[in-house]
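Let me begin by presenting the structure, written as structure tokens, before commenting on it.
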Amino acid sequence: MEAPGVVEALARFLIRHYSDQLRSIVLSPDPLLHYPLLIDYAEQMNDDPQLAHLLFSQPTTYLPLLDEAASWVQKVVLEGFKGQQNPSKKSFVHVRVNICGSPLECPETFPRIGRIRVKHRGILLTLKGTVIRSGLVKMIEGERLYECRKCKHRFKVYPELETGNSIKLPSCCPSQRSKSCEGMNFQFIEGSIVPHDYQEIKIQESVQVLGVGAIPRSITIILKDDLVDLVKAGDDVIVTGILTAKWSSDLKDVRCDLDPVVIANYVRRTNELKADIDMPDDIIMQFRNFWSDFQTTPLKGRNAILRGICPQVFGLFTVKLAVALTLIGGVQHIDASGTKVRGESHLLLVGDPGTGKSQFLKFAAKLSNRSVITTGLGSTSAGLTVTAVKDGGEWMLEAGALVLADGGLCCIDEFDSMREHDRATIHEAMEQQTISVAKAGLVTTLSTKTIVFGATNAKGQYDPDQFDIVLVLLDTKNPEWDAVVSSHILAQQSDSENGKPNNDIANIWPLPMLRRYFQFVKQYFKPVLTKEAEKVISSYYQLQRRSATQNAAHARLMFRNEVTQLDAITAILCIESSMTTSAIVDSVGNALHSNFTENPDQEYAKQEKVILEKLRAIDEFPSINKKGKRNKFTLVLWERASLGSGSLERRKQL
């Protein structure tokens with residue numbers, strides 16, 4: 001197709017489908033800004049399949065024609081105002097192509113970063129990954145205007161990316177006249193240089209899509225004009241652009257190679273879209289029907305969900321409940337002054353070898369839509385937070401594990417192997433959910449809204465005040481527990497050999513269903529405290545913040561928008577399970593030996609009666625008796641509240 005005919009066809013397409021966007025552009029006040037015009041490739045396919053195929057197969061030629069068509073269409077849009085308001089034609093309008101919902105979402109045109117090959121060069125390619133490095137915004141030369149001294153023909157010359165954006169003039173005059181000019185002397189037109197904003201980022205493929213032992217690959221993305229500064233380190237993005245190559249930096253004693261790069265046409269952040277993916281109405285109705293079946297015995301329904309967490313590990317009810325509450329999370333609170341109280345809680349498993357700590361870490365990583373797994377032995381503070389790297393003479397920030405897990409889960413195995421300095425570094429990321437960086441002249445703050453799930457050896461060193469829940473799994477001798485576990489293992493082995501179906505496994509929720517359920521309740525429910533729940537929490541922790549996160553998470557787990565007394569007491573039991581001694585619960589057993597009960601609702605009724613009686617003692621008896629001494633029971637609770645909130649001064653005052 002000839003260029004004039006293509007521009008006219010594209011202009012008609014833009015007028016039919018995107019006239020509203022164009023009107024808002026011409027009404028914008030600043031004529032020097034770069035404005036994006038987002039179009040859907042699926043609509044282009046329906047409108048003109050042949051032109052859509054040319055746009056896919058030859059984007060280097062046809063994407064500039066789209067921009068030219070958008071510039072031409074502005075004249076038509078301006079004629080429709082007839083003196084109303086104050087519209088103006090914009091010099092820089094860039095058409096951005098969104099391939100979502102189109103045939104281009106196939107493995108050939110939407111490959112993994114590690115599967116990019118030479119065959120993908122020159123087509124409209126789409127990649128998905130996580131931003132691990134974000135460079136500075138620069139200004140580069142976009143184009144120059146030259147004039148042939150012989151025939152006075154003017155033409156544009158664009159810089160070549162492969163040679164470091166250098167300008168290369170043609171060997172002869174490129175005029176399209178009937179008689180060739182063949183002139184070789186050209187004059188630069190003063191003031192014709194068009195500058196562009198320029199930024200390089202690096203994205204890395206997600207670890208979840210890789211097999212065991214595979215190394216995640218990365219690729220450089222070039223952003224221009226309105227695309228710069230749209231994303232930061234740690235963001236999940238989908239990039240549509242053109243694959244090309246660029247000569248690597250000219251360093252001493254280093255071979256100069258062609259590195260693959262993608263010149264982006266459109267960049268979309270997917271951080272906020274994760275909760276809305278793969279949630280059909282029939283699945284939501286299945287969740288509602290499930291809870292309607294357990295309306296009279298809600299805790300039995302809750303336990304049915306918990307059995308699906310790490311099903312290969314028998315029992316450990318307390319650990320599975322803590323994992324579920326940690327992954328679901330509470331509700332973030334923001335007061336009138338703008339101060340934020342985090343809704344995410346952090347969990348630490350402390351136990352002997354062979355108690356299933358690493359199994360829970362790996363399963364939790366699978367359960368979360370976004371997760372990073374690392375070990376304390378092989379991690380430094382820079383690897384966990386952010387590091388400054390020098391690339392081509394320029395300093396850049398490269399995201400660490402906590403930044404890459406922003407909005408998800410960071411699992412740290414062998415937490416005790418970390419150096420004390422490294423453990424102190426991540427304290428800000430865990431409590432304030434930000435990382436303040438001042439390295440190599442780069443001063444910034446990065447978001448780390450991350451759940452930290454750690455595991456450590458029982459003999460290792462750790463600070464329990466850094467975590468909201470600390471569960472101790474001690475492999476003590478317990479003949480009754482050993483008999484139950486051995487019988488369960490032998491029964492499973494016997495059923496598998498005889499080909500009998502295992503009813504326990506058949507009733508367990510599969511991993512995809514659990515993942516969808518957790519994402520739905522996090523997105524849909526924003527529980528608020530009822531008066532009964534608030535009274536229980538107030539009496540227990542003296543308005544202490546730590547258990548408020550767990551009771552809101554339990555309300556979400558129970559498919560509710562209210563935090564009831566049941567949720568508050570369950571949060572108390574979960575917190576008390578992390579204590580070696582308890583002033584509320586008569587017996588705090590080993591979390592390793594906690595099992596699912598047959599009648600959880602009846603068991604809860606007994607625990608509720610005991611806990612409420614002891615909590616009423618706080619209101620009925622004064623904390624200081626006539627002799628000026630604190631009541632022993634209240635003293636234990638007050639000290640527990642001080643330990644939970646991390647207040648060293650309050651503990652000293654005791």
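Gain on full extension, evaluated as 0.36 nm per residue between residue 168 and residue 289 minus their Cα-Cα distance, stands at 36.8 nm.
Restriction of the trypsin sites (Lys or Arg not before Pro) in the range 111-168 to DSSP coil positions whose beta-carbon has at most 15 other beta-carbons within 10 angstrom yields 117, 121, 149, 150, 152, 168. Qualifying trypsin sites (Lys or Arg not before Pro) in the range 33-105, where qualification requires a DSSP coil assignment and no more than 12 other C-beta atoms within 10 Å, comprise 82.
Measuring between alpha carbons in the structure, the pairs from 522/609; 224/449; 119/224; 320/357; 156/224 lying more than 21 angstrom apart are 522/609; 224/449; 119/224. Accessible surface for residue 106 stands near 50 Å², nearest 10, in the context of the full protein assembly shown (1.4 Å probe). Pairs from the table (138/168; 362/526; 90/232; 90/439; 232/362) lying more than 31 angstrom apart at Cα are 90/439.
Charge tally around residue 127: other residues with Cβ under 11 Å, Lys/Arg +1 each, Asp/Glu -1 each, net +3.
Legend: calculated FRET efficiency, residue 20 to residue 477, from the Cβ-Cβ distance at R0 = 51 Å, rounded to 0.05, equals 0.10.
In a reduced charge model with +1 at each Lys and Arg Cβ and -1 at each Asp and Glu Cβ, the range 253-360 shows a dipole moment near 460 debye about its Cα centre. For the range 34-112, what is the charge dipole size about the Cα centre, in debye to the nearest 20, if Lys and Arg each add +1 at the Cβ and Asp and Glu each add -1 at the Cβ? About 420 debye. With both labels modelled 7 Å from their Cα along Cα-to-Cβ, the residue 155 to residue 352 distance reads 8.2 nm. Between the C-alpha center of the range 152-205 and that of the range 21-84 there is a gap of 23 Å. Think of the range 1-154 as having a plus end and a minus end, set by charges on the Cβ of Lys, Arg, Asp and Glu; of 88, 21, 140, 140 sits farthest toward the positive end of this dipole.
The chymotrypsin sites (Phe, Trp or Tyr not before Pro) of the range 1-93 meeting both criteria, a DSSP state outside H, G, I, E and B (loop) and at most 14 other C-beta atoms within 10 angstrom of the site's C-beta, are 81.
Selection among 379, 407, 367 by position relative to the dipole of the range 350-411 gives 367 as farthest towards the positive end (Cβ unit charges, Cα centre).
The values are calculated or read from the model by the stated rules, or taken from the named source; none is laboratory data. Nothing here was measured: the structure is a model prediction, and the numbers come from that model. Every residue, glycine among them, receives a Cβ derived from its backbone with ideal geometry; neighbour counts consider all protein chains shown. We work out accessible area using only protein heavy atoms, side chains counted, and drop any ligands, DNA or RNA first. Shrake-Rupley method; radii C 1.70, N 1.55, O 1.52, S 1.80 Å.
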